[in-house]
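The values are calculated or read from the model by the stated rules, or taken from the named source; none is laboratory data. Source: prediction; values computed, not measured. For neighbour counting, all protein chains shown are included, and Cβ atoms are generated from backbone atoms with ideal geometry for every residue, glycine included. Side chains are part of the model used for accessible areas, which takes the heavy atoms of the whole protein and leaves out ligands, DNA and RNA. Shrake-Rupley method; radii C 1.70, N 1.55, O 1.52, S 1.80 Å.
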Amino acid sequence: MISKSKLEKLLWSLDILVFTSVFLLMNYNKFELIFPKNNYLYLYFIFILFWTGFSSYYDKINALIQKPIWLVFRIIFWSSLMSLLFVVITISFSDLWSISRIFMVTFMTIMVLYELTLALLLKIFIKTSGIKVINIESKRENIAQNKF
């Protein structure tokens with residue numbers, strides 16, 4: 001048995017690590033610089049802000065663990081789409097016009113494909129290995145009775 005909180009922390013860490021790695025690799029591919037400078041450094045922070053914000057809002061990590069795969073795919077899609085939308089809106093209203101739109105769309109496509117693959121592999125692994133994920137922190141919920 002694995003505690004849900006440990007698995008969530010592991011998945012959050014993995015998500016941020018892959019996010020940063022993909023961004024740095026794409027930046028290196030475009031500019032031959034490992035660490036982004038100027039507008040692309042701002043883009044990284046804008047992306048990470050909206051990525052983690054919408055991941056938390058849609059409770060994406062918890063859904064990866066407990067929800068059915070079709071619902072996880074839907075949550076990943078909407079979370080990523082909203083992140084991209086808000087990044088584009090932020091860039092449009094700021095002074096970051098020189099950022100490549102192809103860079104942003106490619107980055108988001110890679111991240112969505114990574115998360116879909118991770119979700120599928122995680123669901124298959126949990127199902128075939130017989131691992132049970134338990135929620136230590138949850139309290140007993142009272143069953144609501146229908147009273148008039």
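Within region 1-10, being among the basic types (K, R) and either at pLDDT 90 or above or open to solvent by 50 Å² or more (accessible area, probe 1.4 Å) (or both) holds for K6, K9. Out of the residues in region 81-108 meeting the condition of being open to solvent by less than 30 Å² (accessible area, probe 1.4 Å) and among the aliphatic types (A, V, I, L, M), tell me which one is nearest to I46 (Cα to Cα). If we take residues in region 81-108 being open to solvent by less than 30 Å² (accessible area, probe 1.4 Å) and among the aliphatic types (A, V, I, L, M), then V87 is nearest to I46 (Cα to Cα). Among residues of region 11-45 being within 22 Å of N62 (Cβ to Cβ) and either among the small types (G, A, S) or surrounded by 15 or more Cβ atoms within 10 Å (Cβ to Cβ) (or both), the one that is nearest to the chain's Cα centre (by Cα) is D15.
Taking region 41-60 as the range and being within 13 Å of M108 (Cβ to Cβ) and of a type in the set (D, E) as the test, no residue passes.
Within region 59-77, the set of residues being open to solvent by 40 Å² or more (accessible area, probe 1.4 Å), without any contact (Cβ under 8 Å) to a residue 24 or more places away in the chain and under 11 Å from the mean Cα position of the chain (by Cα) comprises just one member, D59.
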